[in-house]
1. Which far-off residues, 5 or more places away or on another chain, put their amide H under 5 Å from the one on residue 97, with H placed in the peptide plane?
2. Excluding residue 76 itself, calculate the net charge of residues whose Cβ lies under 15 Å from the Cβ of residue 76, where each Lys or Arg counts +1 and each Asp or Glu counts -1.
3. Determine by what factor the alpha-carbon radius of gyration of segment 37-168 differs from 2.2 N^0.38 Å, reporting the quotient.
4. Find the accessible area per residue for segment 33-168; the probe is 1.4 Å, ligands and nucleic acids are left out, and the unit is Å².
5. For segment 29-110, rounded, prolate or oblate, judged on the Cα gyration tensor with a ≥ b ≥ c (square roots of eigenvalues), a/c < 1.5 rounded, else prolate if a/b > b/c?
Amino acid sequence: MKRHLLLSLAAVGTLLATASPASADGSGGWEPAPSAAWAYPAGARCDFAVQGSPVVDEVVRRTLAVYEDGTKVVEYKGDLVVRVVNSSTGASYDADASGRAVVEIRPDRSQTWYVVGPVLAGFGEGGGNVARGLYTVDGAYTLDVSAAGYKTLDLLHGTAVPLCDKVA
């Protein structure tokens, strides 16, 4: 597991070390990255309709690199708490999603997330290597999202806590 974590951290270092500057004028400073509210019908993530909206959102981002092929490397950080609500009963849970991530975004819309700390992740039926659901993933991990939207979570160290149960 340590070897896997070191390899992932080395990959982030390589991305940063080999990247061209974000722009010629040295910009690439932090800018707000507000999170949008969302909603899923029954069966999409939980057995019931579920929605979420930020109650604390201090997330910022900066572009670390832009490659010639259009690939961007973006860093995200900041406090984020999302209120997850069972749309039928009103039961709610405030989920901490304040992790720090470096995200490689490729022109085909596929992405690789290198994350430390908690984020909210949703998986549809057959849409990833984790069962359908909504999770707080916390620890050190990578999340690959294919161009078709298939998600592969590689939890190097940490937990994936199901949120549907918390608002059932």
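The values are calculated or read from the model by the stated rules, or taken from the named source; none is laboratory data. Remember, predicted model here, so these are calculated numbers, not experimental data. So basically every Cβ, Gly included, is an ideal-geometry build from the backbone, and we count neighbours across all protein chains shown. Side chains are part of the model used for accessible areas, which takes the heavy atoms of the whole protein and leaves out ligands, DNA and RNA. Shrake-Rupley method; radii C 1.70, N 1.55, O 1.52, S 1.80 Å.
1. 80, 81, 82
2. Working: positive: 61, 62, 72, 77, 100; negative: 31, 57, 58, 75, 79, 96, 104.
Counting the neighbours of residue 76, the net charge comes to -2.
3. Values: Rg = 14.9 Å, N = 132, 2.2 N^0.38 = 14.1 Å.
Ratio of Cα Rg to 2.2 N^0.38 Å: 1.06.
4. Numbers: 6540 Å² over 136 residues.
I get 48 Å² per residue for this part.
5. Details: a/c = 3.72, a/b = 1.81, b/c = 2.05.
Taking the square roots of the gyration eigenvalues as a ≥ b ≥ c, segment 29-110 is oblate.
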